[in-house]
Amino acid sequence: MSRVRGTQWYVVVTIESDISVPDVPVHGRAIGIDLGLERFLTASDRSFQERPKFFKSMQRKLKLLQRRAARKQKGSQNWEKAQIQVARMHHRIANRRKDFHLKTAHQLCDRAQTIFVEDLNVKGLTRGMLRKDCVDAAFGQFLSLTEWVCWKRGVYFAKVNPNGTSQVCPSCFATVSKGLEVREHHCPECGYRTHRDHAAAEMVLRRGLEQVSSQGL
């Protein structure tokens, strides 16, 4: 399978086995995760990860390569070389993004044995006003890789209902409505104050624990 216009090839080997792997049980330290565009990730333990802008950081160089390719005669050797350069740049961006996602997933597994995340509508996010930023962050890929890393390392992973996680106080469960421009959670009922994304991560954790409790896990 060619990934970069004939310059890199990958072989996929599939092995079928009757061996069943038991599900990872809920155990150890639990954390909730909130994903966003201001910060890529905020956890209920107050740790966070800034969002690298993979595409934007290399956009100028990519546009330069694309303009050069557009000036070449289609089908010529120079045109083919220019297309390969563009494809390699896209591949480089994708590799940097995937490497960041994998390293972040492993860091989470270093800190917790039970991880809860929001069950995001990833396709919906890529159709909004912030489409380009959401595509660059690739939340769907990150969640898939995190689930795989958790399975590989014996960490329990589960998704929870994302509706209203940023609009509910994790301390007293009062509704605290706020627009996207408001970056602080301040509950008028109990006085709890923290970063908006941290409050959302705490709600993800609470919902996750309630979910496993109701399931008897």
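Overview of values
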read-out: Heavy-atom accessible area per residue - segment 37-171, 1.4 Å, Å²; value: 57
read-out: Scattering curve values for segment 61-137, log₁₀ I(q)/I(0), Debye with Cα scatterers, q = 0.11, 0.15, 0.23 Å⁻¹; value: -0.50, -0.76, -1.06
read-out: Whole-Hz ³J(HN,Hα) from phi, Karplus 6.51 cos²θ - 1.76 cosθ + 1.60, for segment 43-53, glycine and proline x; value: 9, 5, 8, 6, 6, 8, 10, 5, 8, x, 9
read-out: HN-Hα J in Hz across segment 99-106 - Karplus 6.51, -1.76, 1.60, θ = phi - 60°, x for Gly and Pro; value: 5, 4, 4, 5, 5, 5, 4, 5
read-out: Under-5 Å amide H pairs with L41, H placed in peptide plane, nonlocal only; value: G36, Q49
read-out: Highest-first arrangement of 183-191, 140-148, where packing means the average Cβ count within 10 Å; value: 140-148, 183-191
read-out: Sparsely packed trypsin sites (Lys or Arg not before Pro) within segment 52-92, loop by DSSP, other Cβ within 10 Å at most 11; value: R71, K74
read-out: Amide H within-cut-off set for H185, under 5 Å, with H built and near neighbours excluded; value: T194, H195, R196
read-out: Cα pair distances of the chain binned at 10 Å [whole percent]; value: 7, 26, 29, 20, 11, 5, 1
read-out: In Hz, Karplus ³J(HN,Hα) per residue of segment 171-188 (6.51, -1.76, 1.60; θ = phi - 60°; x = Gly, Pro); value: 8, 10, 6, 6, 7, 10, 6, 7, x, 4, 6, 7, 9, 10, 9, 9, 7, x
read-out: Cα-projected label distance for K53 with V11, points at 7 Å along beta-carbon direction, nm; value: 4.2
read-out: q = 0.10, 0.26 Å⁻¹: log10 I(q)/I(0) that the Debye formula gives for segment 87-175, counting C-alpha atoms only; value: -0.33, -1.24
read-out: R0 of 30 Å, Cβ-Cβ distance L64-V122: FRET efficiency to nearest 0.05; value: 0.50
read-out: Segment 63-183 - percent of accessible surface contributed by carbon and sulfur, probe 1.4 Å; value: 50
read-out: The chain - mean residue ellipticity at 222 nm from DSSP helices (-39,500 (n - 2.57) per run, n ≥ 4, rounded to 500); value: -14000 deg cm²/dmol
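The values are calculated or read from the model by the stated rules, or taken from the named source; none is laboratory data. Every value quoted in this text rests on a predicted model; they were computed, and no experiment measured them. As a convention, Cβ positions derive from the backbone with ideal geometry for all residues, glycine included, and neighbour counts pool all protein chains shown. What goes into the accessible areas is simple: the full protein's heavy atoms, side chains included, and nothing from ligands, DNA or RNA. Shrake-Rupley method; radii C 1.70, N 1.55, O 1.52, S 1.80 Å.
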